[in-house]
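Notes for the one structure printed next.
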Amino acid sequence: MRQADVTRKTRETEISVAVNLDTDETIVIDTGIPFLDHMLESCARHGRFSLTVKAAGDLEIDCHHTIEDTAIVLGEALAEALGEKRGIRRFAHMAVPMDEAIAVVTLDLGGRGYLVYDATFSANGLGAIPADIFEHFFYTLCIHAGITAHMNATGRNDHHICEALFKTFGVAFSTAAEVIPGRTDIPSTKGII
């Protein structure tokens, strides 16, 4: 089974993440930030992988540390669950609409963390969450997971734009992480990822 359990504890946060890439039986998210919980659940549900996240952070300061550290631990868990990446598809390109919004995500699970991100939100943010934190979330996730991602989203409703990004990332990730039947090679000319 391609699964991982990763925990990180600092003076600011304590985050535990469990993933299983081969089943979507369990999705339980509790970060103390309801909107982030909703986004992560959307990512896992549409990506069709199990995800458990338990986060406690210094939310009395703001949400930044909790969101950033959740991205660190999730990225590490995804990388560990992928292992050597034998037989995976490696690349994926996906577009997902949500009403007036649309997100397009292209991924390479080739081990090099990089993010190109183009999504514009209103100045209002998303409730108590500044919208720019989501670019930082995906950047941090990609760096720690070894994922190159190009992410674009447009729309008029901030919630729809953000949710489309998370859904599309989940679908693209599961597509790229899919094991191609009969393949056991590492999808790289170098022989390793």
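Each value in this text was obtained by applying a stated rule to the coordinates, not by laboratory testing. All values derive from a computational prediction rather than experimental measurement. Counting neighbours? That spans all protein chains shown, and the Cβs are built from the backbone with ideal geometry, glycine included.
Over the Cα atoms of the chain, what radius of gyration and what Dmax do you get, in Å?
15.8, 51
What is the distance in Å between the Cα centroid of region 105-173 and that of region 44-64?
Region 105-173 and region 44-64 have Cα centres separated by 15 Å.
DSSP loop GluC sites (Glu not before Pro) in region 91-193 with at most 12 other Cβ atoms within 10 Å of their Cβ, which ones?
Values: sites: Glu100, Glu135, Glu163, Glu178; in loops: Glu100, Glu178.
Listed in order of number, the matching sites are Glu100.
Have a look at the DSSP beta bridges in the chain and tell me what percent are antiparallel, nearest 5. Display every interim value, and only then the final one.
Details: 32 of 42 bridges.
Antiparallel bridges make up about 75 percent of those DSSP assigns within the chain.
In deg cm²/dmol and to the nearest 500, what is the mean residue ellipticity at 222 nm of the chain if only DSSP H runs of at least 4 residues count, each as -39500 (n - 2.57), divided by the residue total? Mind showing how you got there, number by number?
Numbers: 4 runs with 66 residues, N = 193.
After summing the helix terms and dividing by the residues of the chain, the value is -11500 deg cm²/dmol.
Neighbour counts of other C-beta atoms within 10 Å: give me Phe138, Phe49 arranged from fewest to most. The partial results should precede the final answer.
Numbers: Phe138 22, Phe49 25.
The most exposed by this proxy come first: Phe138, Phe49.
Cross-link candidates for Lys190: which lysines have Cα within less than 16 Å, leaving aside residues fewer than 8 places away along the same chain?
Lys85
Quick check: net charge around Glu135, other residues with Cβ under 14 Å of its Cβ, Lys/Arg +1 and Asp/Glu -1?
On the way: positive: none; negative: Glu68, Asp118, Asp132, Asp158.
Summing Lys and Arg as +1 and Asp and Glu as -1 gives -4.
Rank these for me by crowding, Leu59, Leu36, going from fewest to most other beta carbons within 10 Å.
Leu59, Leu36
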